[in-house]
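Let me begin by presenting the structure, written as C-alpha cells, before commenting on it.
The values are calculated or read from the model by the stated rules, or taken from the named source; none is laboratory data. Just so it is clear, the model here is predicted, and its values are computed rather than measured. Cβ placement follows ideal geometry from the backbone for every residue including glycine, while neighbour counts extend to all protein chains displayed. These area figures cover heavy atoms from the full protein model, side chains too; ligands, DNA and RNA do not enter into them. Shrake-Rupley method; radii C 1.70, N 1.55, O 1.52, S 1.80 Å.
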Protein chains: 2
Amino acid sequence: MSVRSPQNPPDGPARLDPGGTANGLRSDARENRERILRAAREAYAAQGIDVPLTTIARRAGVGIATLYRRFPTRAALMAEVFGEQLAQCTAELHKALQDPDPWNGFRSFVEKVGAMQTTDRGLTSALLSHFPDAAGHDHGHIEELLARLVQRAKDAGKLRADFHLGDIALVLLANCGVIGGAGDDAPAASRRLVAYLLQSFQADHGTPLPRPAPLELRRVYAPSAS
Amino acid sequence: MSVRSPQNPPDGPARLDPGGTANGLRSDARENRERILRAAREAYAAQGIDVPLTTIARRAGVGIATLYRRFPTRAALMAEVFGEQLAQCTAELHKALQDPDPWNGFRSFVEKVGAMQTTDRGLTSALLSHFPDAAGHDHGHIEELLARLVQRAKDAGKLRADFHLGDIALVLLANCGVIGGAGDDAPAASRRLVAYLLQSFQADHGTPLPRPAPLELRRVYAPSAS
DNA sequence: GGCCAACCGGAGAGCTTCTTCCATTTCTCC
DNA sequence: GGAGAAATGGAAGAAGCTCTCCGGTTGGCC
C-alpha cells in the first residue's frame, strides 16, 4: 500500500497520517516499523497467519518489545499488513472490470485471486476478515466492485443467474482448504479446483442449487476462534 | 520412548488381537481404553483434531497418564479413532456401489461424505491421513472401492472421463476449508460447494481441465506440518 | 557537544500443552 | 483373603508462545 506520505511537512501543525500510526515517529522507529511490516508480510505468506510474533520480530531484526510497541495487538499488525494485500486485490478487481468481456474478466479475476492464495497463505484471511482498525482500505469498496463484476457477468448471460456474492467467499475458503492440505501439489490442486468451480458458475448449467449460504465476505476477525 | 511392554503374556501362545492393542488388558484397563476412544471421538468431532490430549483425558474421566499409557503418541490415538470413521465411510461406499444408478451412487456418496465432514471435523483427517499403525482398517480397500465407484459412473457416461481419483481428495479438502471458515453457515455452505462441484463432475461439461493434481487420498500424517 | 525524551532489546512472568515419573490403588489368580 | 503384577492419577519438568517491565541506548534539537 505505502500510502503514507513519506515526507511530513516539518512544521505542519495539523497531524495528518490518516492511517493513524506511522508519522511522528523518530527516524529509527519509522525504519523499524517498515522492517516489521515487511517481515510480517513475508512470514504470513510463508507460514500463514498463525506465525508466532517472536518469529516476525526475529525476522525483522528487532526485539519483540519493539514489535509490541508499534503494534499493540496481533490484529493491529494484521490489519496493516492485510491492508496492503487488499489493495492488491482491489487492483486486480479494477483490471477485471476493464476487461471488455465480462465473463473473461470474472473468470480471470477468480483465477488470479486463487493463484494469489497459493502464493500467500495470509491472503484468505485478508479477504475474509474485517479488521476494525484497518483504516484506509475499506472492505465495502471491494465488495461493491465485486458485486459489479458479478452483475456484469450475469448481465452478459455468461454467469449463472443464481450465483451469489457469497459464492466468492466459498471459492476462497474452498481453495484455502485445498492449499492447506495439498502440500506441494497445492498449485496444481488449486488450479483444478478453481477450474471445476468456474465451469459450474457458467450460465449454461441449468441444474438448480441448494440455497446459498449467507456467507459474508466480510467477517469479524475473532482471534480466539480458529 | 521407553515403551515398557505392558502386556506381556506370561505364556500366551497365539497373539490374537488383530487390531493390535485391546486384548490382554486388565478389565479396568480395557474399560478405560473404550472410554478414551469415545471421548476422543466426541472431542475430535466437536473441536477438530487439535484438541488437547488433556481435554480428551478429562472428558474420558481418566488421568492423562492413562491416556498416554494406552496411546503412546497422538497418532496412535487418532489411528484408532479414525479407523472407526473409515469403517463408516467404507459402509457408505458399499451402499453407493449397490445403487442401481451409477451416477446417483457416486453423487449420493460425495454428498454423504460432505455432510459427514460437516458433522465431524476429524473426518477429513481420517480420510486424508494414513496412519501407519491403523491396523485393521486399510485405506487401500477404500481407495479400491472408490476407484470402482468412479469407474462405474464413468462407464455409465455420467461422470466426466477426465475425472481423477485425486479429485475426491480435492472435494474433501475444499469442503474442509469451507467448513472451517464458514462458521455457523457451514452446513449450507458445504452443501452448496458440493453441489457446484458435482455439476462440474458431470460428463456433459466439455471444457477441458488443468492437469489433475497428483493428490493422493492417502497421505502421511505429519504432526509437525499443520 | 550535550541533554533528554523517545526508543531499544532482552529478561522474565504467566499461560497452555506435551510428556514422564512415581507413590498409591485395583484387579486377578491362587 | 492375600500377594503381586497391572493400572492409576496427578505432580512436575520441558517447551513454546504472549505480553510487560526496565535498564541501557540513540536520534534530534539547543
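Give the residues of segment A:161-180 that are more than 10 Å from chain B (Cβ to nearest Cβ) and farther than 17 Å from B:Ala189 by Cβ, sorted by residue number.
A:Ala161
Specify which of the listed residues (B:Gly181, B:Gly206, B:Gly157) is modelled with pLDDT under 90, open to solvent by 40 Å² or more (accessible area, probe 1.4 Å) and under 23 Å from A:Phe201 (Cα atoms).
B:Gly206
Listed here are the residues, each with its yes/no results for (1) open to solvent by 30 Å² or more (accessible area, probe 1.4 Å); (2) assigned to a loop (DSSP other than H, G, I, E, B).
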{"residue": "A:Ala39", "(1), (2)": "no, no"}
{"residue": "A:Asp50", "(1), (2)": "yes, yes"}
{"residue": "A:Ile56", "(1), (2)": "no, no"}
{"residue": "A:Lys95", "(1), (2)": "yes, no"}
{"residue": "A:Asn104", "(1), (2)": "yes, no"}
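When you check A:Leu37 against the structure, is it under 24 Å from A:Leu128 (Cα atoms) and outside the structural domain of A:Leu127 (by TED's automatic domain parsing), yes or no?
yes
Can B:Ser27 be described as open to solvent by 20 Å² or more (accessible area, probe 1.4 Å), within 16 Å of DNA strand C (Cβ to nearest atom) and closer than 30 Å to B:Tyr196 by Cβ?
Judged against the criteria, B:Ser27 is not a match.
Is segment A:97-105 home to any residue that is touching a Lys or Arg at 6+ places or on another chain (Cβ under 7 Å) and within 16 Å of DNA strand C (Cβ to nearest atom)?
no
Of the conditions (1) open to solvent by less than 20 Å² (accessible area, probe 1.4 Å); (2) within 30 Å of B:Lys158 (Cα to Cα); (3) within 16 Å of DNA strand C (Cβ to nearest atom), B:Ser125 fails just one. Which one is it?
Only one criterion is unmet by B:Ser125, namely (1).
Table: residues versus (1) within 14 Å of DNA strand D (Cβ to nearest atom); (2) of a type in the set (Gly, Ala, Ser); (3) in contact with a Lys or Arg (Cβ under 8 Å, 6 or more places away or on another chain); (4) at pLDDT 85 or above.
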site	(1), (2), (3), (4)
A:Gly12	yes, yes, no, no
A:Leu25	yes, no, yes, yes
A:Ala29	yes, yes, yes, yes
A:Arg33	yes, no, yes, yes
A:Val51	yes, no, no, yes
A:Glu84	no, no, yes, no
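Which of the residues belonging to segment A:58-67 are open to solvent by less than 60 Å² (accessible area, probe 1.4 Å) and assigned to a helix (DSSP H, G or I)?
Within segment A:58-67, A:Ala60, A:Ala65, A:Thr66, A:Leu67 qualify.
For segment B:136-145, check the following and say yes or no: at least one residue is at pLDDT 90 or above and more than 14 Å from chain A (Cβ to nearest Cβ).
Yes, the conditions are met somewhere in segment B:136-145.
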